Amino acid sequence: MAKSGFKVLDSDMHILEPPDLWQRFIDSKYKDYAPRGTTDHVRDLRMVGPDGQAWGRPVDPPPETIPPPGHIFHRNQKLFKSHMERGWSSQVQLEAMDEEGIDLAVLYPSRGLNALSIPDMESEFAAAIARAYNNWLYEFCQADPSKLMGAGMVSVFNIDDAISEAQRCVKQLGFRAVFLRANIVNGHNWHDPYYEPLWSALEELNVPLGFHESNTSAGRQVGDQFGYDFMLRHTFSHPFEQMLAVGSFCGGGVLERHPNLRVAFLEGNCGWLPFLLWRLDEHWEMFGDQWAPELKNPPSFYFKRQGYASVEADEEPVKYAVDFVGNDRLVFSTDFPHVDTKYPKAVERFLQLPLGEEDKRKILWDNCAAYYGVRRT
């Protein structure tokens with residue numbers, strides 16, 4: 001399949017997990033403690049714990065304090081009604097890919113983005129949540145492994161658990177990446193020595209790391225200052241958390257120490273890259289000898305060598321990112337079926353962006369293939 005002559009690899013397509021995923025797949029001793037998804041409306045991404053309270057996110061506000069749903073909510077209720085009625089199955093996913101014109105997709109979670117966002121979770125329980133999700137995702141992808149590829153969940157509450165699950169995801173399940181939320185849940189920043197064994201393990205496995213944020217978290221997040229205002233939370237939570245992670249990896253020395261580690265910052269846009277990388281370089285020039293003596297090059301060098309960021313289908317500022325970092329550091333994302341997806345016209349909308357043909361070709365396939373280690377056929 002090709003869309004207007006372009007092969008398309010979706011770097012960040014979402015599944016919507018069944019509400020009882022963890023009841024069905026988690027180790028039996030944890031079933032009574034596992035979260036469960038809610039289904040109050042089409043595309044409901046929330047979860048609750050056994051006590052019925054919000055899981056991995058702030059407590060829901062009183063209904064009377066929230067304005068009535070807007071046009072995007074109503075659009076998506078109609079657009080995805082049949083998807084929900086058919087259980088968001090693998091077949092639904094494949095049909096959506098065909099309709100959109102996607103040849104291959106790497107799959108990231110929906111409810112699962114909040115599964116491990118509770119600070120200081122008990123490590124064995126957190127590891128069991130990750131294993132259960134990965135086992136379910138493996139089964140989901142078996143409908144067509146040539147088109148559906150997994151990004152595995154790992155728990156960082158015990159670094160050995162993260163390493164062993166990453167190894168299982170790659171060697172046994174055949175996943176193409178592992179993912180983490182960008183916001184901190186265990187008190188360790190990404191350039192902390194705590195994480196060094198995991199970064200080394202990912203290098204050895206030759207598997208990339210994908211950072212993917214969510215609108216809410218039970219942990220500290222930059223969007224918290226906006227309370228329940230979804231418009232403002234969503235504006236800032238995704239890109240700002242990713243920007244902080246870029247700072248750790250490029251300015252905190254992670255990519256200097258791990259030159260073979262590939263890392264992507266997904267669903268947070270890319271238009272901010274010129275500003276942030278320029279500012280990081282400026283501060284390295286002023287203060288690097290004192291605070292970052294191990295950095296042999298400016299922070300932007302490391303992003304241009306090992307980093308990727310995703311482009312939304314209608315992100316016109318992408319042209320500035322291409323000017324600053326080049327056209328080989330950006331990957332395409334439809335964000336199906338989340339709130340800001342342009343499905344079923346995401347690829348079509350992307351092709352209207354002010355980019356050259358070679359830029360589009362690289363972003364739609366070549367860069368994604370390089371990041372995930374996929375051969376072009």
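Per-residue answers, yes or no, for (1) in contact with a Cys (Cβ under 8 Å, 6 or more places away or on another chain); (2) in a loop (DSSP other than H, G, I, E, B):
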| position | (1), (2) |
| --- | --- |
| L198 | no, no |
| A201 | no, no |
| V207 | yes, yes |
| N260 | no, yes |
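Within segment 367-377, take every residue that is under 22 Å from V325 (Cβ atoms) and either in a loop (DSSP other than H, G, I, E, B) or of a type in the set (F, W, Y) (or both) and give me the one that is most open to solvent (accessible area, probe 1.4 Å).
Residue satisfying both the conditions and the ranking: G373.
Over 25 Å from G252 (Cα atoms), under 19 Å from the mean Cα position of the chain (by Cα) and not aliphatic (A, V, I, L, M) - does that describe any residue in segment 196-214?
no
Scan segment 44-103 residue by residue and report those that are in contact with a strand residue (DSSP E or B) (Cβ under 9 Å, 6 or more places away or on another chain), in a helix (DSSP H, G or I) and either closer than 19 Å to D20 by Cβ or free of Cβ contacts under 8 Å to residues at least 24 places away in the same chain (or both).
S90, Q93 - these are the residues of segment 44-103 that are in contact with a strand residue (DSSP E or B) (Cβ under 9 Å, 6 or more places away or on another chain), in a helix (DSSP H, G or I) and either closer than 19 Å to D20 by Cβ or free of Cβ contacts under 8 Å to residues at least 24 places away in the same chain (or both).
Could you list, ordered by first residue, the pairs with Cβ atoms under 7 Å in which the first is in segment 338-360 and closer than 24 Å to F73 by Cβ and the second is open to solvent by 20 Å² or more (accessible area, probe 1.4 Å) and not charged (D, E, K, R), at least 6 apart or interchain?
Listed pairs, sorted by first residue: V339/I72.
Can you name every residue in segment 329-366 that is in a loop (DSSP other than H, G, I, E, B) and more than 19 Å from the chain's Cα centre (by Cα)?
Across segment 329-366, the qualifying residues are P344, K345, L351, Q352, L353, P354, L355, G356.
With respect to V156, is the statement that it is aliphatic (A, V, I, L, M), under 20 Å from R57 (Cβ atoms) and modelled with pLDDT of 95 or more true?
yes
Filter segment 145-184 down to residues that are open to solvent by 10 Å² or more (accessible area, probe 1.4 Å), over 16 Å from the mean Cα position of the chain (by Cα) and at negative phi, then give me how many there are.
17
The values are calculated or read from the model by the stated rules, or taken from the named source; none is laboratory data. None of the values given here were measured: they were computed from a predicted structure. Neighbour counts are summed over all protein chains in view; Cβ atoms, including those assigned to glycine, are modelled from backbone coordinates with ideal geometry. Surface areas here come from the heavy atoms of the whole protein model, side chains and all, with no ligands, DNA or RNA. Shrake-Rupley method; radii C 1.70, N 1.55, O 1.52, S 1.80 Å.
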